[in-house]
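Participant: Input: one structure, supplied below.
The values are calculated or read from the model by the stated rules, or taken from the named source; none is laboratory data. The model shown is predicted, which means the values in this text are computed figures rather than measured ones. Cβ sites come from the backbone with ideal geometry, for glycine too, and all protein chains shown count toward neighbours.
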Amino acid sequence: MTGMTTPAAHIVDAAAYAQAVEDAVQASAAYYTGGTSVLDDDAYDRLVRGVAAWEAAHPEDVLPESPTGKVAGGAVEGDVPHTVAMLSLDNVFSPEEFTAWAASLAGRVGHEAERYSVEPKLDGLAIAARYTGGRLTRLITRGDGTAGEDVTHAAGTVEGLPERLTEPVTVEVRGEVLMTTAQFEHANEVRTAHGGQPFANPRNAAAGTLRAKDRAYTVPMTFFGYGLLPLTDTEPGLAAALGEAAHSDLMARAAGLGVNTTAATAVPGVTADTVEDVLARVREIAALRPALPFGIDGIVVKADLAADQQAAGSGSRAPRWAIAYKLPAVEKITRLLEVEWNVGRTGIIAPRAVLAPVEIDGSTITYATLHNPADITRRDLRLGDHVMVHRAGDVIPRIEAPVAHLRTGAEQPIVFPEACPRCGSAIDTGEQRWRCENGRNCHLVASLSYAAGRDQLDIEGLGHTRVVQLVEAGLVADLADLFTLTREQLLGLDRMGETSTDKLLAALATAKGRPLARVLCALGVRGTGRSMSRRIARHFATMDHLRAADAEAIRRVDGIGTEKAPSIVAELAELAPLIDKLAAAGVNMTEPGATPPAPAAEETAEPAEPAQVGESPASAGGPLAGMTVVVTGAMTGPLEKLSRNEMNELVERAGGRSSSSVSRKTSLVVAGEGAGSKRAKAESLGVRLATPDEFAVLVADLIG
Ligand code: IVH
């Protein structure tokens with residue numbers, strides 16, 4: 001969380017002001033009705049702040065169509081009146097601005113707010129769902145705040161809004177309709193398959209989908225409730241109860257009625273007693289944001305008690321008892337300049353987008369992932385396109401979609417390579433991810449450097465430069481050749497004296513004895529990383545057992561599903577000559593401490609349910625027996641030198657299960673310095689936390 005506000009647009013004269021108003025009105029209309037705007041949220045915010053600044057200096061020249069002071073920027077209308085106005089929210093952008101808002105609230109109420117409710121600001125569209133006698137009867141958009149559009153036709157496609165409540169009450173549930181990231185991707189797949197243009201982002205997709213009436217297809221959306229009010233005076237008791245209830249109680253009531261709320265997410269609404277506590281929760285939610293399966297654009301803080309809300313009152317646009325603490329935008333529009341095709345260490349040819357540099361939340365973004373050629377075709381991306389780029393936390397930036405209506409006609413198709421861009425071999429296009437037919441040998445330097453890396457065979461003295469030298473000298477044509485290098489061969493290389501040669505030979509001899517898990521990882525079996533390699537090695541104990549396994553047997557390894565198992569079998573078959581060569585060179589092919597699966601069990605046992613991906617199996621004894629442990633942040637003290645992989649190995653040696661993601665199932669989170677979202681998630685779920693030093697004591701016997 002930066003707490004920084006991007007500057008307002010600078011408006012110099014009345015003409016620029018009029019233009020700015022027009023642009024803002026257009027963008028706002030697109031925002032609320034599912035069209036695509038030329039402006040991303042950040043640019044829109046800056047424009048409106050510029051408009052507001054100019055109006056403050058020229059109050060007599062304010063244009064009636066100006067978006068300032070209006071719900072939804074005045075962009076939309078509807079014909080179903082709201083019983084109680086659906087207001088918007090004012091924004092703050094920093095702890096200082098929030099503290100000032102809390103003070104002004106205290107001024108209005110006569111004392112500090114008794115309690116606050118703090119919840120994520122969901123990035124979708126406000127909607128009112130009317131229930132009569134417990135049955136969903138009407139769905140209405142916010143519209144201009146006093147009347148909205150009837151979108152009841154969408155009722156069946158909104159998850160989280162039940163057809164029937166658990167009680168026959170007549171109430172209005174208010175909340176946000178959005179698309180989760182998965183729903184958005186699905187929606188764009190379906191839409192493009194029907195010949196439509198992809199939506200630029202999930203918000204846009206939700207807005208367009210909600211209003212669409214006669215589409216040949218339906219795509220699901222999700223509702224999260226954030227308000228509950230009585231609808232008629234036929235139930236005066238209920239009306240009084242709801243009117244007097246604290247916001248947090250209303251949310252619990254809504255959930256009890258069967259309505260989806262944030263209570264079921266990693267960022268449930270919580271209450272906080274002080275401004276400091278609110279700010280701490282704001283930081284937590286901000287840290288959790290990148291890992292959420294839906295978009296949030298801030299945090300909403302509300303006075304929790306009905307009495308405080310009534311005392312604060314509301315303005316025409318927004319209530320005075322609630323505020324949106326905006327987080328930096330994670331999406332910007334920029335241009336797709338070029339597509340690069342890079343060959344990875346296993347021969348995969350991956351496209352990467354080169355973008356016109358754009359700043360998102362303090363970092364300049366110039367590249368984004370593009371997955372695979374089929375994905376480019378499906379999304380109809382073209383060179384020169386304006387694209388919506390998404391970047392949250394440390395996740396690699398991605399292109400959400402082209403902003404199709406900004407096309408000029410000068411955009412060019414993206415040309416796919418016909419031969420491997422690295423070695424010129426043919427390309428295997430049989431799968432979604434294209435691969436050089438030369439496989440691992442195409443980018444031998446990358447594959448050997450990876451194999452020699454710290455978390456694989458850990459061959460000291462075999463850095464990238466040395467690998468290049470060995471490959472260029474023709475001494476090494478695959479991984480196994482490393483282990484038959486002679487003293488003479490090494491001495492013949494430039495800058496290789498006796499000492500470096502002996503050191504490298506000793507490091508290679510040590511590497512031959514590494515456990516099977518690391519050998520597997522060094523081989524770079526596609527679809528298996530470090531933790532999966534460890535799970536496979538522990539399960540099968542020897543390379544022979546692993547190679548004898550069919551897909552069914554491989555599926556018994558935790559976390560390997562029906563899709564992955566056959567591809568692992570195929571990979572091992574492809575790697576067979578290399579594995580034989582490595583074994584012949586004396587490389588260890590067993591996992592210390594593991595026992596092979598009993599053959600009888602292999603035949604009769606039902607395949608185990610795949611565990612959550614990213615988890616390793618727990619072994620029987622040890623200080624962490626039965627525990628699922630997540631390590632995050634930088635290690636210190638006795639564990640300082642251990643890489644994340646080595647920490648996970650340690651957890652498993654101690655009988656625990658290592659995992660990369662925090663959930664309710666996590667038993668312990670080892671949080672070192674700089675731990676961010678995982679620590680926050682552990683705190684919010686009440687999962688036990690340990691410092692690296694505390695953890696070192698737990699596993700003291702294993703670290704010696
Ligand atoms: S409360 C009277 N709570 O943000 C209070 N709004 O920018 C009105 N929003 O119109 C809203 N998450 O569409 C509230 N937890 C939340 C929210 C939320 C998202 C939206 C809502 C509102 C807009 C204002």
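Participant: Which condition breaks for Arg440 when tested against (1) buried (at least 16 other Cβ atoms within 10 Å of the Cβ); (2) under 30 Å from Ile296 (Cα atoms)?
Facilitator: (2)
Participant: Right, here's the next one. Could you grab me the full set of residues in region 49-89 that are within 12 Å of the ligand (Cβ to nearest atom), buried (at least 16 other Cβ atoms within 10 Å of the Cβ) and at pLDDT 80 or above?
Facilitator: Those that are within 12 Å of the ligand (Cβ to nearest atom), buried (at least 16 other Cβ atoms within 10 Å of the Cβ) and at pLDDT 80 or above: His82, Ala85, Met86, Leu87, Ser88, Leu89.
Participant: Could you tell me whether region 184-192 includes any residue that is outside any loop (DSSP other than H, G, I, E, B), surrounded by fewer than 21 Cβ atoms within 10 Å (Cβ to Cβ), more than 16 Å from the ligand (Cβ to nearest atom) and without any contact (Cβ under 8 Å) to a residue 24 or more places away in the chain?
Facilitator: Yes, that holds for at least one residue.
Participant: Taking region 349-374 as the region of interest, how many residues are under 29 Å from Arg526 (Cα atoms) and either without any contact (Cβ under 8 Å) to a residue 12 or more places away in the chain or hydroxyl-bearing (Ser, Thr, Tyr) (or both)?
Facilitator: 3
Participant: Looking at Gly196, Gly227, which is the one that is closer than 14 Å to Ser117 by Cα and either outside any helix (DSSP H, G or I) or within 14 Å of the ligand (Cβ to nearest atom) (or both)?
Facilitator: Of Gly196, Gly227, the one residue that is closer than 14 Å to Ser117 by Cα and either outside any helix (DSSP H, G or I) or within 14 Å of the ligand (Cβ to nearest atom) (or both) is Gly227.
Participant: Give the residues of region 455-466 that are among the charged types (D, E, K, R) and crowded, with 17+ Cβ neighbours inside 10 Å, sorted by residue number.
Facilitator: Once the filter is applied, which keeps residues that are among the charged types (D, E, K, R) and crowded, with 17+ Cβ neighbours inside 10 Å, region 455-466 yields Asp455, Asp458, Arg466.
Participant: Could you grab me the full set of residues in region 467-517 that are part of a loop (DSSP other than H, G, I, E, B), surrounded by fewer than 17 Cβ atoms within 10 Å (Cβ to Cβ) and touching a residue at least 40 places away in the same chain (Cβ under 8 Å)?
Facilitator: Selection gives Asp478, Gly513.
Participant: Pull up region 538-559, narrow it to residues that are more than 18 Å from Ala522 (Cα to Cα) and in contact with a helix residue (DSSP H, G or I) (Cβ under 6 Å, 6 or more places away or on another chain), then point me to the one that is modelled with the lowest pLDDT.
Facilitator: Asp558
Participant: So in region 117-158, with the set limited to residues that are more than 14 Å from the ligand (Cβ to nearest atom) and out of contact with any strand residue (DSSP E or B) (no Cβ under 9 Å at 6 or more places or on another chain), which one is farthest from Ala286 (Cα to Cα)?
Facilitator: Going through the qualifying residues, I end up with Gly133.
Participant: Ok, one more. Between a residue in region 408-420 that is free of Cβ contacts under 8 Å to residues at least 40 places away in the same chain and any residue that is among the small types (Gly, Ala, Ser), which pairs come within a Cβ distance under 8 Å, given they are 6 or more apart or on different chains?
Facilitator: Pairs found: Thr408/Gly384; Ala410/Gly384; Glu411/Gly384; Gln412/Gly384; Ala419/Ser425; Ala419/Ala426.
Participant: Could you list, in sequence order, the residues of region 164-183 that are within 15 Å of Phe224 (Cα to Cα), more than 16 Å from the ligand (Cβ to nearest atom) and of a type in the set (Asp, Glu)?
Facilitator: Once the filter is applied, which keeps residues that are within 15 Å of Phe224 (Cα to Cα), more than 16 Å from the ligand (Cβ to nearest atom) and of a type in the set (Asp, Glu), region 164-183 yields nothing.
Rundown of residues vs (1) surrounded by 18 or more Cβ atoms within 10 Å (Cβ to Cβ); (2) at pLDDT 50 or above; (3) assigned to a strand (DSSP E or B), yes/no style:
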site: Gly621; (1), (2), (3): no, yes, no
site: Leu624; (1), (2), (3): yes, yes, no
site: Val629; (1), (2), (3): yes, yes, yes
site: Pro638; (1), (2), (3): no, yes, no
site: Gly655; (1), (2), (3): yes, yes, no
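Participant: Now for a different question. Assess whether Leu161 counts as being in a loop (DSSP other than H, G, I, E, B), away from the ligand (no atom under 13 Å from the Cβ), touching a strand residue (DSSP E or B) at 6+ places or on another chain (Cβ under 6 Å) and modelled with pLDDT of 95 or more.
Facilitator: yes
Participant: Take region 669-704 and flag every residue that is assigned to a loop (DSSP other than H, G, I, E, B) and β-branched (Val, Ile, Thr).
Facilitator: Hits for region 669-704 are Val687, Thr691, Val699.
Participant: Of everything in region 230-252 that's surrounded by 15 or more Cβ atoms within 10 Å (Cβ to Cβ) and modelled with pLDDT under 95, which residue is farthest from the ligand (Cβ to nearest atom)?
Facilitator: Going through the qualifying residues, I end up with Glu235.
Participant: So in region 281-304, with the set limited to residues that are in contact with a strand residue (DSSP E or B) (Cβ under 8 Å, 6 or more places away or on another chain) and assigned to a helix (DSSP H, G or I), which one is nearest to the ligand (Cβ to nearest atom)?
Facilitator: Ile285
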